[in-house]
Amino acid sequence: MKSEYKANSITLAGAIAMGTGVMIGAGIFALTGQIAQLAGPLFPLSFIAGALVTAFSAYTYVKMSNAYPSAGGIAMILQKAYGPTTIAAAAALLMALSMVINESLVARTFATYLLEGMGLKRTGWAVPALGVGLIVFSYFINAAGNRSVGLFSIVMAILKVGGIALFGAAALWAGGVSFEAATDGQSTQIGGFVASVALSILAFKGFTTITNSGAEVTDPNRNVGRAIIASIGICVIVYLLVAFAVGSSLTLEEIIAAKDYALAEAAGPTLGRTGFYLTVLLAIVATSSGLIASIFAVSRMLAMLTDMKLIPHSHFGMKGAIRDHTLIYTVVIAGFLTVFFDLSRIASLGAFFYLVMDIIIHWGVFRHLRHEIGAAGAVLVTAITLDIVVLSAFAVLKWQSDPLIVVISLVLMAAVFAFERFYLRHLRDGDAHHDSHAKT
């Protein structure tokens, strides 16, 4: 495992490209319409609110990464805050699972835009079949080796940021800043707006990828924090540009009706069919490259959790290293979610998992590490409070509109904690038994 992590192998520019490359993808392509559905006509403000909550959240990660840059990333923070306990292991696993959930979101977004671009109906089997196909393709790219993933991801990150920014600028230039979505007579409900921030946060949470690569960034005690701040800043600009472009081209009803492919739909009125097809192509490139990078990151994180003895591992008769196996586990789980959950439920599940994990991290740092790393307690408390407010509003809204996904989320999170409690207790009992035999 340790040989996979090379110090000083990621420059500051490379870390920023990695963060923005992960963030800008399915978040803006799949979530824009869903955020508009919850937030109402002023949905671009949801991205600003999401960036604000993310900024407070990022403070904890920046402080911890500056003090303890590590390839362990999220798992390292949790272990330092709570020790090798159930809560640390479960929260780390929730983070990994939220990343896998995002992969299924990306896969279904890829399939939706591809079918829309080809003028084909999004039937019951077409979207999951194409989504699983992309996941399998991404597996083979990852299995080919780290070098194949690294250079490909950097180039694609540049293309995604530039392409999406160009889309937003071109749409605004062609159609003007009239913002149709805000003038169609509908009002913004405060509860729905606050709940929408949970999805906006998902569009920014990719910055944690930088945290997970802390030990590999050049001068990590300074550059990890810089990379996180820069990548969030870039994404705020791009997201707002795109949100205003969509709102200037379509009414709120049109955005909601085309919520799974809102950017492509918005390109039609202002940029014509050529713009529509170019947007579809950009979505395909962004989602496929994002999925490849995400699968690489998740499989490596699961391998790290295995190395830290926070999760169990079984070869199931397979050959190869641990990361070869976690790569397979990642694509199997992502494929399962792609088949059985739609975009809305996948996004909801990811929001629940991520926000719960985020609250656990802030609380652990506040209780046990804030003096050690020089973190301001008021900022940590603010981050916790904002997360709780957003999570509560989102849970209430989802309970009213789709109670099943709330129940599924609670059951799965409870199962994760119960599983980790059983595993760690079994591990400690096994170590104690081994030590007793060693003494006799």
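The values are calculated or read from the model by the stated rules, or taken from the named source; none is laboratory data. Bear in mind the structure is a predicted one, so any value in this text is a computation, not a measurement. Backbone-built Cβ (ideal geometry, glycine too); neighbour counts: all protein chains shown.
Per-residue answers, yes or no, for (1) over 23 Å from A264 (Cα atoms); (2) polar (S, T, N, Q); (3) modelled with pLDDT of 85 or more; (4) not in a helix (DSSP H, G or I):
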{"residue": "F167", "(1), (2), (3), (4)": "no, no, no, no"}
{"residue": "A171", "(1), (2), (3), (4)": "no, no, no, no"}
{"residue": "A195", "(1), (2), (3), (4)": "yes, no, yes, no"}
{"residue": "A198", "(1), (2), (3), (4)": "yes, no, yes, no"}
{"residue": "I210", "(1), (2), (3), (4)": "yes, no, no, no"}
{"residue": "A215", "(1), (2), (3), (4)": "yes, no, no, no"}
{"residue": "N221", "(1), (2), (3), (4)": "yes, yes, no, no"}
{"residue": "V224", "(1), (2), (3), (4)": "yes, no, no, no"}
{"residue": "G233", "(1), (2), (3), (4)": "yes, no, yes, no"}
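Please state which one of L310, L305, L271 is more than 16 Å from L134 (Cβ to Cβ), buried (at least 18 other Cβ atoms within 10 Å of the Cβ), out of contact with any strand residue (DSSP E or B) (no Cβ under 7 Å at 6 or more places or on another chain) and modelled with pLDDT under 80. Please lay out each step first, then the result.
On the way: L310 fails: modelled with pLDDT under 80; L305 fails: modelled with pLDDT under 80.
On inspection, the qualifying residue turns out to be L271.
Determine whether segment 31-47 contains at least one residue that is within 13 Å of the chain's Cα centre (by Cα) and under 20 Å from S104 (Cβ atoms). Spell out the reasoning first.
Taking segment 31-47 as the starting set, the residues that turn out to be within 13 Å of the chain's Cα centre (by Cα) are 31.
Checking which are under 20 Å from S104 (Cβ atoms) leaves us with 31.
Yes; the residues of segment 31-47 include at least one that is within 13 Å of the chain's Cα centre (by Cα) and under 20 Å from S104 (Cβ atoms).
Can you work out which of the residues in segment 32-75 that are part of a helix (DSSP H, G or I), among the polar types (S, T, N, Q) and at pLDDT below 90 is surrounded by the most Cβ atoms within 10 Å (Cβ to Cβ)? Let's see the steps before the verdict.
So the first thing to find is which residues in segment 32-75 are part of a helix (DSSP H, G or I), and the list is 32-39, 44-67, 74-75.
Right, trim to among the polar types (S, T, N, Q) and you get 32, 34, 37, 46, 54, 57, 60, 65-66.
Cutting the leftovers down to at pLDDT below 90 gives us 32, 34, 37, 65-66.
Values: T32: 31, Q34: 23, Q37: 20, S65: 29, N66: 19.
It comes out as T32.
Restricting segment 397-440 to residues that are modelled with pLDDT of 85 or more and among the charged types (D, E, K, R), which is surrounded by the fewest Cβ atoms within 10 Å (Cβ to Cβ)? Working first, answer last.
Restricting attention to segment 397-440, the residues satisfying the condition of being modelled with pLDDT of 85 or more are 397-425.
When the remaining residues are screened for being among the charged types (D, E, K, R), the result is 398, 402, 420-421, 425.
Values: K398: 22, D402: 14, E420: 23, R421: 15, R425: 11.
The extreme case among them is R425.
Would you mind telling me which numbered condition in (1) at pLDDT 90 or above; (2) buried (at least 20 other Cβ atoms within 10 Å of the Cβ) L327 fails?
(1)
Is there any pair linking a residue in segment 244-259 that is outside any helix (DSSP H, G or I) to one that is aliphatic (A, V, I, L, M), with Cβ under 7 Å and at least six apart or on different chains, and which?
L250/A181; L250/A266; T251/A181
Of all the residues that make up segment 192-217, how many are closer than 20 Å to I77 by Cα and either among the polar types (S, T, N, Q) or over 18 Å from the mean Cα position of the chain (by Cα) (or both)?
Qualifying residue count, segment 192-217: 8.
Which helices (runs of 4 or more DSSP H) sit wholly inside segment 321-417 and have at least 1 residues that are in contact with a Lys or Arg (Cβ under 9 Å, 6 or more places away or on another chain) and within 26 Å of A303 (Cα to Cα)? Steps first, please.
On the way: elements: 322-340, 343-368, 370-373, 377-401.
Because the criterion is at least 1 residues that are in contact with a Lys or Arg (Cβ under 9 Å, 6 or more places away or on another chain) and within 26 Å of A303 (Cα to Cα), the helices (runs of 4 or more DSSP H) in segment 321-417 that meet it are 322-340, 343-368.
Please go through segment 107-126 and give me each residue that is within 18 Å of I292 (Cβ to Cβ) and not hydroxyl-bearing (S, T, Y), ordered by number.
Within segment 107-126, A107, R108, F110, A111, L114 meet the criteria.
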